1. Taking ALA51 as meeting all but one of (1) modelled with pLDDT of 95 or more; (2) closer than 11 Å to LEU4 by Cβ, write down the number of the exception.
2. Please indicate, with yes or no, whether at least one residue in the stretch 33-41 is over 13 Å from the mean Cα position of the chain (by Cα) and either at pLDDT 95 or above or surrounded by 13 or more Cβ atoms within 10 Å (Cβ to Cβ) (or both).
3. Do you know which of the residues in the stretch 1-51 that are out of contact with any strand residue (DSSP E or B) (no Cβ under 8 Å at 6 or more places or on another chain) and among the basic types (Lys, Arg) is nearest to THR89 (Cα to Cα)?
Amino acid sequence: MPRLVLIDFYSAWCEPCREQTAAVDEVAGRLGEAVEVRKVDVAERRDLVSAYRLTTVPTIVIEMDGKVVKRLERPADAETLESLLNSLTDDHETRGRDYEQTSAD
């Protein structure tokens, strides 16, 4: 299974950010090593705010194979996040199998 990276951009003063981080923690606990979670305080990492072109917090960025595959700029609950991460993993695995079958033909 490919490793997903979920980046939780937040700010200490932001109440929706605290709710988002709690949902991220819940999902990370359920998915274990299938997802790497990084938490970024936007006040401390202006370089990443610029690099990811953030305009709001909370923002979640999901990367796979070093590329951004999804971006959420509003809070999502744990079930929504888990479903999204599972679907991204499933899509990636399906494409990989399709490629392997085509290459073998």
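The values are calculated or read from the model by the stated rules, or taken from the named source; none is laboratory data. What you see is a predicted model; the values in this text were computed from it and never measured. Virtual Cβ from ideal backbone geometry, glycine too; neighbours counted across all protein chains shown.
1. (2)
2. Within the stretch 33-41 (the criterion being over 13 Å from the mean Cα position of the chain (by Cα) and either at pLDDT 95 or above or surrounded by 13 or more Cβ atoms within 10 Å (Cβ to Cβ) (or both)), the answer is yes, since at least one residue qualifies.
3. Only one residue tops the list, namely ARG30.
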